[in-house]
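The values are calculated or read from the model by the stated rules, or taken from the named source; none is laboratory data. Values in this document were obtained by computation on a predicted structure and should not be read as measured data. Positions of Cβ are backbone-derived with ideal geometry, glycine not excepted, and every protein chain shown enters the neighbour counts.
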Amino acid sequence: MNLSTDVSHLKGVGEKTAALFKKLNINTYEDLFSYYPTDYIKYNPPVSFSELKAGNVCTVRGLAANVQGPVKAGRYSIITVVLKDGLNTLEAVFFNQPFIKKVIKVGGYYILRGRIVQKGAKLIMQSPKLFKEDEYAELVKYPQAKYSLTAGLSSKTISKALKAAFIDAQWGEECFPEKYLKESGIPSRKDALRLIHFPECDEDIVTARRRLSFEEFFYFIMLLRKNKAISVSTPNNFKMIETAETKRFLESLPFKPTAGQKKAWKEILDDMCGERCMNRLIQGDVGSGKTLIALLSLLLAASNGYQGALMAPTEVLAMQHFKTVKEYISKYNLCFEPVLLTGSMKAAEKKEALSKIESGEANLIIGTHALIQDRVLYKNLAIVVTDEQHRFGVRQRQALAYKGKEPHILVMSATPIPRTLAIILYGDLQLSAIHELPAGRCAIKNAVVGTSYRPSAYKFFKDQIAEGHQVYVICPKALSDEEDDGELENVVDYAEKLRAALPGVNIEHLNGKMKPQDKTDIMQRFSKGETDILVSTTVIEVGINVPNATVMMIENAERFGLSQLHQLRGRVGRGSAQSYCIFISSKEDDKIMERLNVLKSTNDGFKIASEDLRLRGPGDFFGVRQSGEFAFKIADIYSDSDLLESAGNLVDEILKDDPSLSKEDNRLIKEQVDYFFAHSELFSSI
C-alpha cells in the first residue's frame, strides 16, 4: 500500500477505530506516520518504599496486606490497598475502580505505578495502575510513546496500527540528497518515523526528531522564500501621504511613545508611502505597545480614503480591539468608521456589517477569520493587520490580503524570538522590533516553588479576591484520560479541587476542546469580573485582556518552554495594581529549577528567549511541551535552532541553483513542498 492509502485498509483497524482515527485527522498511512507522540513514558524498575518521595511517579512491588473499602466520599468510591515491603508499608488509593477489590487479593504480590503524594505525616500512592509481572518487564525495556487521544482510543491502539502500517507500507524515494544525509548524520525518513514511534532508547528519539524537525523547517522555509520572492516585487497600489490625523493622534496621547515604537512607525510610514507594497512584522514583548502602532497604520489608511482590516485569532480579542477603537474615537475624534465581524454575530448584524464593508461606509473592519469568508466584499482594502501572527496560517494571512488589490500587510507578534531565528522564521516579512516597555508599568513579582506551596497560594488567592481582583490557574491538560498517571494537572479536576479548598469563590474552567461559543462565553464572564478564578489550559495565552486579574499560577511549569511561560505570564500585569505569577514545578531537581528561575530573574521576553535557547539542549524535549509560537508538529525553534539555520542554508543552496525547482533532482522536493503547503497547520486554516 502507498502512503495515501486509507487507514481503514490496515489489519486490525475496523470501521469503529477508523472513525476514531478520523476524529484526529488521521485518514491515510501518511497521516498515521506523521501523528507524532506527545511524550514518552519511561518505565523504571520497581523501587523500595524507603526511596519514595512526594511528587514523583514511581513503580513499587509489594505484598497486599489489607484491602479496605469501598468507602463513599462525595462522587468518589474509594478502595485503599495496604502494601508491605519488608518493614515498610504504603497505602495505594483507588478512585471509582470497584474491580480492584476482586483483582487484588491479600497475600499476593503486585506491581503498582502511580504518583506519590504527602498526606499528613505519611506518603500514599494516588490512582495507581496495576501491572502483571511479565507485562511490566516488557515495558521497562523501551520508552513507550504517548499520543494525544480522543475518547475510545488508546496509545496502545495507535501503536498497534503503526506496527501494521510499517509492515504494509510501500516507501518512495528519499527527498533529500544522499550527500546531505551523510554529512548531517540524519537518518532516512522511513528510519526516523520508525524511531520516533518505536524507540529503543533516548538517543533514538533524539536522532528521529532531528530528521523530522529538519524536514519541517526545510519545507516551511522553502515556502517562505518563494512567498518573499513574490512580495518583494509587488508595487505599492495604495501609495499614501502622511496626514494631519496621525500627527494629531500622536501629539494627543497622554504619554510619549517609546524609541522602539517611534522607529517602527517610521519604518511603516516609509513602506506605505514608498514604491513597494509593505510586508512587515512588528515583533514586541507583551505590553510593548504594538497595537498603538497598528492603529496608527490603520488610521493612515483611513485618512487617505481607504479601508483597513484587523484580524484577531479569537472573538474575545476582536471584541477587545473593537472596544479600544471606539474609546479612541470618542477620546481623540479619529476618522474611523469601524464595524465588527465575527462568526457568532446574529444574521441581521452580519448583513448590516457586510453592507457597510462593501459600500465603503466602514473604513475599519475588525474581526476574526470571518473576515476572509467569500461573502465579505471590500471596496478599497489598502492594509491588512494580523494580530498574534503565529496563530494564523500563512495561507490565512494571504487569503485576507487577496481580498484587496495587493494591500499592505502588517503582522504583530508578541513572541520574543532571538533576531537570528526571527529572520529565518519570518523570511517573507521585513522586521521591526520593539524592545522597550512603556514607562509606568508595574513589574510582575514572580515565585518559583514546589507543590507544597499550594495551600499558601490558595490563601493568597482568597486575599486577592477579597481585594476585588481575579486569578488565573493554568494546567497543562484539559481532561484526565485512561492513560493518565496523575503526573499532570488537568483543568476539570483542578477546578473541583479549588472549589473544595475555596468555598464561596466563583470558579470556572476553560479548555480548547470546548465549543467556540462556550469558550467565548466563559472568557466574557471572566472579562466582566463575574468569575473569580479561571482554571484554563494555554488557550488563554492570547485573546483575553483583563486588567483586574492580578495573579497567575501555572501548574507543572516544568512542562512548558520558558517563552510560552512568559507569554502566559503576560495575561497579568495589565492594570495599575501589583501583579504576581507563581510557577509550580512538580519536579524540583536542580536543572529544572535553574530553567524556571530565569523567569524569576527577568521579565524581559527577549532575554528569556535567549536563555531558553541556551538551556534547552537536544535532549531536553522530554516532557517539555513545544513552545507554542508556531504550529510545528515536532520541531522546536529553541532546542532545534541549529537545524533551523541548517535548513535555511540548504534551502538557499537549492534555490540558488534551481529557483523554480524544475530540475529532475528536485522533483520530489517540489512535490513535498506542495504537499506540505496543503497539509501543514502553519499554512492551512486554523
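Does at least one position in the stretch 644-667 carry a residue that is outside any helix (DSSP H, G or I), at pLDDT below 85 and either acidic (Asp, Glu) or under 30 Å from PHE461 (Cα atoms) (or both)?
No: zero hits.
What do you reckon, is ARG595 of a type in the set (Lys, Arg), in the same structural domain as MET552 (by TED's automatic domain parsing), assigned to a helix (DSSP H, G or I) and modelled with pLDDT of 80 or more?
Spelling it out, ARG595 is indeed of a type in the set (Lys, Arg), in the same structural domain as MET552 (by TED's automatic domain parsing), assigned to a helix (DSSP H, G or I) and modelled with pLDDT of 80 or more.
Assess whether ALA301 counts as being under 30 Å from ALA443 (Cα atoms) and among the hydrophobic types (A, V, I, L, M, F, W, C).
no
Could you identify the single residue in LEU354, LEU341 that is farther than 25 Å from GLU251 by Cα and touching a helix residue (DSSP H, G or I) at 6+ places or on another chain (Cβ under 7 Å)?
Answer to the selection: LEU341.
Of all residues being within 23 Å of ARG115 (Cα to Cα) and touching a residue at least 60 places away in the same chain (Cβ under 8 Å) in the stretch 152-186, which is surrounded by the most Cβ atoms within 10 Å (Cβ to Cβ)? Just the residue, please.
Restricting to residues being within 23 Å of ARG115 (Cα to Cα) and touching a residue at least 60 places away in the same chain (Cβ under 8 Å), the top hit is SER155.
Only residues in the stretch 566-590 that are in the same structural domain as ILE554 (by TED's automatic domain parsing) count as the first member; pair them with residues that are of a type in the set (Lys, Arg), Cβ under 8 angstrom, at least 6 apart or cross-chain, and list the lot.
Within 8 Å, the pairs are GLY573/ARG441; GLN578/LYS445; SER579/LYS445; TYR580/LYS445; CYS581/LYS445; CYS581/ARG569; PHE583/LYS600; ILE584/ARG454.
Looking only at the stretch 129-150, which residues are in contact (Cβ under 8 Å) with a residue 12 or more places away in the chain and among the hydrophobic types (A, V, I, L, M, F, W, C)?
If the condition is that a residue be in contact (Cβ under 8 Å) with a residue 12 or more places away in the chain and among the hydrophobic types (A, V, I, L, M, F, W, C), then LEU130, PHE131, LEU139, VAL140, ALA145, LEU149 are the ones that fit.
With respect to SER4, determine if the residue is under 31 Å from the mean Cα position of the chain (by Cα), surrounded by fewer than 16 Cβ atoms within 10 Å (Cβ to Cβ) and not assigned by TED's automatic domain parsing to the domain that holds ALA500.
When the stated conditions are applied, SER4 passes them.
Does any residue of the stretch 26-35 turn out to be at pLDDT 90 or above, in a strand (DSSP E or B) and not acidic (Asp, Glu)?
Yes, that holds for at least one residue.
From LYS156, LYS182, LYS163, grab the single residue that is in a helix (DSSP H, G or I), in contact with a helix residue (DSSP H, G or I) (Cβ under 9 Å, 6 or more places away or on another chain) and of a type in the set (Lys, Arg).
That would be LYS163, the only listed residue that is in a helix (DSSP H, G or I), in contact with a helix residue (DSSP H, G or I) (Cβ under 9 Å, 6 or more places away or on another chain) and of a type in the set (Lys, Arg).
So in the stretch 280-330, with the set limited to residues that are of a type outside the set (A, V, I, L, M) and without any contact (Cβ under 8 Å) to a residue 12 or more places away in the chain, which one is surrounded by the most Cβ atoms within 10 Å (Cβ to Cβ)?
Looking at the filtered set, the residue picked out is LYS323.
Restricting attention to the stretch 133-153, which residues are part of a loop (DSSP other than H, G, I, E, B) and either under 16 Å from LEU83 (Cα atoms) or not β-branched (Val, Ile, Thr) (or both)?
Correct list: TYR142, PRO143, TYR147, SER148, LEU149, ALA151, GLY152, LEU153.
In the stretch 520-567, how many residues are of a type in the set (Val, Ile, Thr) and under 16 Å from the mean Cα position of the chain (by Cα)?
7
Name, by its number, the condition in (1) closer than 25 Å to ALA635 by Cα; (2) touching a Phe, Trp or Tyr at 6+ places or on another chain (Cβ under 9 Å); (3) in a loop (DSSP other than H, G, I, E, B) that does not hold for PHE238.
(1)
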